[in-house]
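Here the structure comes first, spelled out in structure tokens, and everything after it is commentary.
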Amino acid sequence: MHIKFSYFLCVACAVLLSACAELSESLSTLFDVGEQKTPQEEEIVRPTKFKILEIQSPQISFYDFATITYKRKSTELKLYKLGKVVGSITIKPSSICFNNDCLGKWNAAKNFFGAVSYGNLFEDIIFGRDIFDGEGKGIAPNGAMTQWFVKSGQEIYYERNDSYTIFQNKRNGVVIGIQNYTIKSKKN
């Protein structure tokens with residue numbers, strides 16, 4: 001009889017502990033008590049790929065590999081030299097950060113591109129979208145979409161297709177070029 005009683009006592013304790021654990025978890029979820037979950041990384045909406053990036057402006061001169069990570073609320077460019085990350089550019093909804101120095105989009109664009117710019121210009125170029133409301137839009141003989149126009153005395157040339165994007169302000173020398181990086185395999 002003593003063995004049966006011990007067995008039932010063990011089973012009852014196990015059931016009671018299990019019920020308490022479940023109740024505790026339910027109450028902590030209900031009242032948001034207990035372990036605080038760390039915020040997860042922002043979701044990536046397009047895969048990150050290596051690009052060849054050229055940036056020429058009064059603030060930065062860069063030509064090497066870069067990765068562009070497209071997330072829901074930001075876009076991040078990591079800049080590489082000799083295979084090591086040397087800097088980053090992060091485009092957020094209302095600001096652009098060069099490394100950790102952030103400016104509002106309009107001020108960043110004006111500093112980077114000069115007087116002929118607007119807040120989302122850098123982002124529009126990175127995403128390969130029309131700039132300046134499609135002004136001077138045409139199609140090049142190679143099938144690439146182009147925009148070529150003069151605005152406030154600045155000659156702007158912008159060309160893009162699926163494998164590259166090039167933006168040039170021919171008057172002040174600002175250049176942004178992005179090209180897909182592909183490895184060509186040797187055929188035997």
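The values are calculated or read from the model by the stated rules, or taken from the named source; none is laboratory data. What you see is a predicted model, and the numbers here were worked out from it, not measured in a lab. Glycine gets a Cβ as well: all are built from the backbone with ideal geometry, and neighbour counts include every protein chain shown. Surface accessibility is based on the protein's heavy atoms, side chains included, excluding ligands, DNA and RNA. Shrake-Rupley method; radii C 1.70, N 1.55, O 1.52, S 1.80 Å.
A few notes on this one:
- Applying a threshold of 6 Å to beta carbon distances and a minimum spacing of six or more residues, or different chains, the list of pairs starting in segment 92-105 at a residue that is more than 19 Å from T69 (Cβ to Cβ) and part of a strand (DSSP E or B) and ending at one that is small (G, A, S) and open to solvent by less than 30 Å² (accessible area, probe 1.4 Å) reads G104/S95.
- In segment 105-120 there is no residue matching the filter, namely being closer than 17 Å to Y164 by Cβ and out of contact with any Phe, Trp or Tyr (no Cβ under 6 Å at 6 or more places or on another chain).
- Matching residues, segment 93-144, being on the phi > 0 side of the Ramachandran plot and of a type in the set (D, E, K, R): D133
- Residue match in segment 132-153 (condition: among the aliphatic types (A, V, I, L, M), in contact with an Asp or Glu (Cβ under 8 Å, 6 or more places away or on another chain) and not in a strand (DSSP E or B)): yes
- Residues (more than 20 Å from E76 (Cβ to Cβ) and either among the small types (G, A, S) or crowded, with 16+ Cβ neighbours inside 10 Å (or both)) located in segment 114-130: G114, A115, V116, S117
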